[in-house]
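Below is one structure, written out as structure tokens; the observations come after it.
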Amino acid sequence: MPTTMTVPLQERLPGLDAAIPVTITEQFNAYDAEHPWIYNTLESLVKRRLRTGATRVSVKALFEVLRWDTPDGVTGLNNNFTALYARKLVHNNPQWADAFAMRRRRSA
């Protein structure tokens, strides 16, 4: 009886590159590297929000500000990136840790 071998979908479809980011973290890292202005703008928006007296910041709300303020839209800004941007903001600005609600990550 012949044995069948399961081949991953990526290897069976022509034109798919194995280097395409698969996990959310990989997708985020690729997007962040290609669009450094997004992080810089988020950082500026957080500074402005905290300067006006806010004690909490929502990265999802800041994403909507970015989408609203950018005339042509923000291509590829995925809501799945909000937690990763929040973590990056706090990592680079530890004094903001209390401004963000962080949950434990379930996946990469």
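Only the coordinates and a few stated rules stand behind these numbers; no lab work does. These numbers were taken from a predicted model, which means no experiment stands behind them. Methodologically, a virtual Cβ is constructed for each residue, glycine included, from the backbone with ideal geometry; neighbour enumeration extends over all protein chains shown.
With the cut-off at 1.5 for a/c, could you classify region 34-108 from its C-alpha gyration tensor as rounded, prolate or oblate? Because a/c hits 1.5 or more and a/b fails to exceed b/c, region 34-108 counts as oblate.
If packing is taken as the average count of other Cβ atoms within 10 Å, what order do 38-46, 25-33 fall into, highest mean first?
Packing proxy ranking, top to bottom: 38-46, 25-33.
Length gained on full extension, Thr52 to Asp98: 15.0 nm, using 0.36 nm per residue less the C-alpha separation. Spin-label model, Arg67/Ala30: points 7 Å from Cα along the beta carbon direction are separated by 2.2 nm.
One decimal place: the segment Trp37-Arg87 gains 16.3 nm when fully extended, by the rule 0.36 nm per residue minus the C-alpha distance.
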